[in-house]
Amino acid sequence: MLRIGYHDYEALRKHGEETYPHECCGVLLGKNVAKDENSLTPMNHVQHIVRAGNTRTDSAHNRYNIAPQELIKIQRQARGLGLDIIGFYHSHPDHPAQWSTTDFAEAHWLGCSYVITSVEHGKAATTNSFLLTGTEEDNKGFEDEPIEITIATHVTEEVTYNEKG
Amino acid sequence: MKIHIPTPLRSYTSGLETVSVPGATVDAVFQQLIVSYPDLKQHLFTAEGKLRSFVNVYLNDDDIRYLDAKQETTVTDTDELTIIPSIAGGKNNLTSKRDTTALQRMKEDEDADSN
């Protein structure tokens, strides 16, 4: 499961609208929670998102790439916040929010969440998350992952609902 | 020197985000890293011993592939190595029947808009 705050969820979708018709991309910072009282399966809990630049300016309408230098800066930022890189997001302009063969071939962060938002005619439509499972390149796979969106009602209190009901 | 480990590989370093490994060159540090954490080897190197193409290694802010001496570059205890797998992708081929259905729906919407 991916748990993400409403503000961050809307922000990553808006990013896809802003870069339309090009793909956007960014990094999810947070913590992987092996199990907690509310979840029987491992969960990636997003606590901060970071927008990244798409270096694929040659083909930005159907490709994205985050420069390693930028990733290193983001990893330092995460370390400073006491967080980890737990996933990534990108958009599919006028294309379903499903992983592509390119997404799969280029996915190497096992255990991390890959969030994809379809942006139809400039408006964010569906957002899906896929967990990269497996223990090595030869047995990796994408699994559909539920998204739980949390809404902060007070500074110290959160209520949750499951997007997929 | 310190080596920063990316999230997916921390299960092979006892959960550590940063490990300290001695060595006079990048290569020596890597060799020692593999001795200390042997399960990392297959994730960093091919069977031929070459760094996997999707694994980026930075010495401070420099990609070791572009250093003059590459992995033979000398290092000090205050230098830092960062291992960072690449992140890329993008839409292209459809992957499932669900995709086909969604794409068909988009085309139908476009047709309806144009009529």
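Laboratory data are not the source of any read-out in this text; all were calculated from the coordinates shown. Model, not experiment: these values are computed from the prediction. Glycine gets a Cβ as well: all are built from the backbone with ideal geometry, and neighbour counts include every protein chain shown.
Here are some notes:
- Spin-label model, A:HIS61/B:VAL35: points 7 Å from Cα along the beta carbon direction are separated by 5.5 nm.
- Per-residue mean of C-beta atoms belonging to partner chains within 10 Å, peptide B:11-22: 1
- Rounded, prolate or oblate (a/c below 1.5 giving rounded, otherwise prolate when a/b exceeds b/c) for the stretch B:1-87 by Cα gyration tensor: rounded
- For the residues of B:52-64, the average number of beta carbons from a partner chain within 10 Å of their own beta carbon is 2.
- Normalised by the number of residues in chain A, the mean separation of alpha-carbon contacts (under 8 Å, six or more apart) gives a relative contact order of 24 percent.
- Sites B:ASP68 and A:ALA11, calculated FRET efficiency, Cβ-Cβ separation with R0 41 Å, nearest 0.05: 0.45
- Under 9 Å, Cβ to Cβ, from A:LEU131 - net charge with Lys/Arg +1 and Asp/Glu -1: -3
- The helix-based estimate of mean residue ellipticity at 222 nm for chain A, built from -39,500 (n - 2.57) per DSSP H run of four or more residues and divided by its residue count, is -6000 deg cm²/dmol to the nearest 500.
- Descending principal axes extents, the stretch A:1-84, alpha-carbon based, whole Å: 46, 25, 20
- Trypsin sites (Lys or Arg not before Pro) lying in DSSP loop within the stretch A:17-110, provided at most 16 other Cβ fall within 10 Å: A:LYS35
- Restricting the stretch A:1-98 to GluC sites (Glu not before Pro) in coil, as DSSP defines it, with at most 12 other Cβ within 10 Å: A:GLU37
- When both the stretch A:88-106 and the stretch B:36-75 are represented by their alpha-carbon centers, they are found 28 Å apart.
- Peptide A:93-102 has a mean shielding of 6, counted as Cβ atoms of other protein chains within 10 Å of each residue's Cβ.
- Cα-based radius of gyration of the stretch A:57-97 once divided by 2.2 N^0.38 Å, which approximates compact folds: 1.47
- Cα gyration tensor shape for chain A, rounded if a/c is under 1.5, else prolate or oblate: rounded
- With the simple spin-label model, which puts each label point 7 Å out from Cα in the Cβ direction, the B:GLU80 to B:PHE54 separation comes to 2.5 nm.
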